[in-house]
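The values are calculated or read from the model by the stated rules, or taken from the named source; none is laboratory data. Model, not experiment: these values are computed from the prediction. In this analysis, Cβ positions are derived from the backbone assuming ideal geometry, glycine residues included, and neighbour counts consider all displayed protein chains.
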């Protein structure tokens, strides 16, 4: 490769990496990352967590090697080094796998770069309730499984079946629920070229025999959720059932399937085409099984397998191939450029999560039908229609960016320029324009390539500088501590703690079991015992959560930052009610002081937020009074 071409590619790759960092800022341990933190601590230095609600009824960590791998790393490297190191490695492996897949799709041309950019900046959210995405900016078992599965698809396209099987097995060792749908995709891929792979259907009667023998977890195939357990699953895990998804979320699946089918029709038949057909077949089939087994029969095993997770691989591939499809439609002439613009409008709408899925998807379908029917439309009609869709894309982008900047301005004004500029630069519409300008500049000879590389280096440096967006409390949880937390000396190692609306600091800072946090209900679909324990405590703490949600909604309307922070403090009467029960926490950590003198106070070091203070109380203090 000539020196100029290498400079051009390096500039593009640095810009893509910067886009990924800007689109996925690091916010510390959050979401599912908190649960995986607890699993690792339970298997290392905090065995008392076995009494925590999340673990007391049994958890799913016995089906994953994640905790066994991470616990030694925590002891040697600490939390933040482990999390950041593995996350960046995960993203590098995923990005390189996407590039490898796209180079096999189109060996020549800029497709691999544009597809990688789309992977980096377009929303990775899949499934229902918009809470899970691929390449997440926090560490979970998915961080190990996803790159292994993507590289497995590369091996599958190259005809290295055993390598693909080994990578799928490695992914399953970390996260079997993520690996299973991709294994089905691989089976559908192999079946298209060799019907002898039908022998794998022999797994079905083996699963039935295991269920009849009562072997876990296969015994769940013949069981259904009882009404109480199912009600708890509906309340805490609505994403596992299609009936819990909004229409827009269902249409996002339809959009991804439509993109994959359109791409398969516009390219010659080869291994990639078979992969596209396999992904579509697996997505339709596993979504159908979810609707039948979970929504229809409330099957325990089908619900726990979460077959809807097949959407992750369909969404990732559809996003990465959207640039190629848009360019190909544009080059068809006629009204097909209108179809290309309508497709991009649908992608932008899906990215920002507005409830306009029916309109944008219908527009793409209608423009595609019109382009197919009308061979020679007038130039004025073409310009008017395309201009209207382009204006719609610009309008949606500006509206969303305005909302995001307004949110940053009142919630974190101290870091407005840092966080706000990062959100603007990573927005797909802005990123596409900037990337196109960069590629144009790099094409202007050796001098242009050097200038483009310099700009990419500056952008990458700015992305690295703005990547850490942890709150002060999140930073304190991951910071290496020279000694135990100041509150720890006031409580036994097995004491239960209630930290309102927080779980990560109870496990990560205090290293104690949490008496209640809503995240503890994440695993109740796997164990009825967890549902019973969580359900009873959930009723006790429900008034506190309801009051907080109402308070936060009111503060959002008036954009009052002080009142929003005040929403985190439960009313004293609610806390007294909690402490008066037989099943009560031993200690409370509150964001404000009560009229009783606290046992101790602690303030996390300031970095991004105003000063804050937390006070430690025992339930005995509240019952006894001041």
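Assorted remarks:
- Selection from the stretch 378-403 of residues that are farther than 16 Å from residue 341 by Cα and surrounded by 16 or more Cβ atoms within 10 Å (Cβ to Cβ): 400, 401
- Verdict on residue 358 being surrounded by fewer than 17 Cβ atoms within 10 Å (Cβ to Cβ), closer than 22 Å to residue 273 by Cβ and out of contact with any strand residue (DSSP E or B) (no Cβ under 7 Å at 6 or more places or on another chain): no
- In the stretch 152-191, the residues that are without any contact (Cβ under 8 Å) to a residue 60 or more places away in the chain and buried (at least 22 other Cβ atoms within 10 Å of the Cβ): 152, 164, 167, 168, 171, 179
- Residues being outside any loop (DSSP other than H, G, I, E, B) and over 27 Å from the mean Cα position of the chain (by Cα) - total across the stretch 221-244: 5
- When residue 89 is tested against (1) more than 23 Å from the chain's Cα centre (by Cα); (2) without any contact (Cβ under 8 Å) to a residue 12 or more places away in the chain, just one condition goes unmet, and that condition is (1).
- Single residue of 372, 364 found to be farther than 27 Å from residue 15 by Cβ and surrounded by 16 or more Cβ atoms within 10 Å (Cβ to Cβ): 364
- Residue in the stretch 33-71 that is surrounded by the most Cβ atoms within 10 Å (Cβ to Cβ), counting only those that are outside any loop (DSSP other than H, G, I, E, B) and out of contact with any helix residue (DSSP H, G or I) (no Cβ under 7 Å at 6 or more places or on another chain): 33
- Residue match in the stretch 554-565 (condition: loosely packed, with under 15 Cβ neighbours inside 10 Å and closer than 23 Å to residue 513 by Cβ): no
- Set 267, 274: member being at pLDDT below 95 and either surrounded by 17 or more Cβ atoms within 10 Å (Cβ to Cβ) or more than 14 Å from residue 308 (Cβ to Cβ) (or both): 267
- Taking the numbered list (1) in contact with a helix residue (DSSP H, G or I) (Cβ under 8 Å, 6 or more places away or on another chain); (2) over 30 Å from residue 159 (Cβ atoms); (3) surrounded by fewer than 20 Cβ atoms within 10 Å (Cβ to Cβ) in turn, residue 236 passes all entries but (3).
- Scanning the stretch 316-338 for residues that are buried (at least 23 other Cβ atoms within 10 Å of the Cβ), part of a helix (DSSP H, G or I) and in contact with a strand residue (DSSP E or B) (Cβ under 9 Å, 6 or more places away or on another chain) turns up at least one hit.
- Filtered residues of the stretch 1-26 (kept if at pLDDT 95 or above and either more than 25 Å from residue 119 (Cβ to Cβ) or part of a loop (DSSP other than H, G, I, E, B) (or both)): 24, 25
- Screening the stretch 72-82 for residues that are in contact with a helix residue (DSSP H, G or I) (Cβ under 9 Å, 6 or more places away or on another chain) and over 16 Å from residue 509 (Cα atoms) and picking the one that is surrounded by the most Cβ atoms within 10 Å (Cβ to Cβ) gives 82.
- Test: residue in the stretch 198-211 that is within 28 Å of the chain's Cα centre (by Cα), free of Cβ contacts under 8 Å to residues at least 24 places away in the same chain and either in a helix (DSSP H, G or I) or under 15 Å from residue 150 (Cα atoms) (or both): no
- Of the residues in the stretch 447-456, not one is more than 28 Å from residue 610 (Cβ to Cβ) and not in a helix (DSSP H, G or I).
- Within the stretch 507-517, considering residues that are over 11 Å from residue 54 (Cβ atoms) and in a helix (DSSP H, G or I), the one farthest from the chain's Cα centre (by Cα): 510
- Highlighted here are the helices (runs of 4 or more DSSP H) found entirely within the stretch 345-445 that include at least 2 residues which are more than 25 Å from residue 253 (Cβ to Cβ) and in contact (Cβ under 8 Å) with a residue 12 or more places away in the chain: 379-411, 416-426, 428-442.
- Within the stretch 552-626, helices (runs of 4 or more DSSP H) holding 2 or more residues that are under 33 Å from the mean Cα position of the chain (by Cα) and in contact (Cβ under 8 Å) with a residue 24 or more places away in the chain: 561-566
- Evaluation of residue 546 against (1) over 21 Å from residue 408 (Cα atoms); (2) in contact (Cβ under 8 Å) with a residue 60 or more places away in the chain; (3) out of contact with any strand residue (DSSP E or B) (no Cβ under 7 Å at 6 or more places or on another chain) (one fails), failing number: (2)
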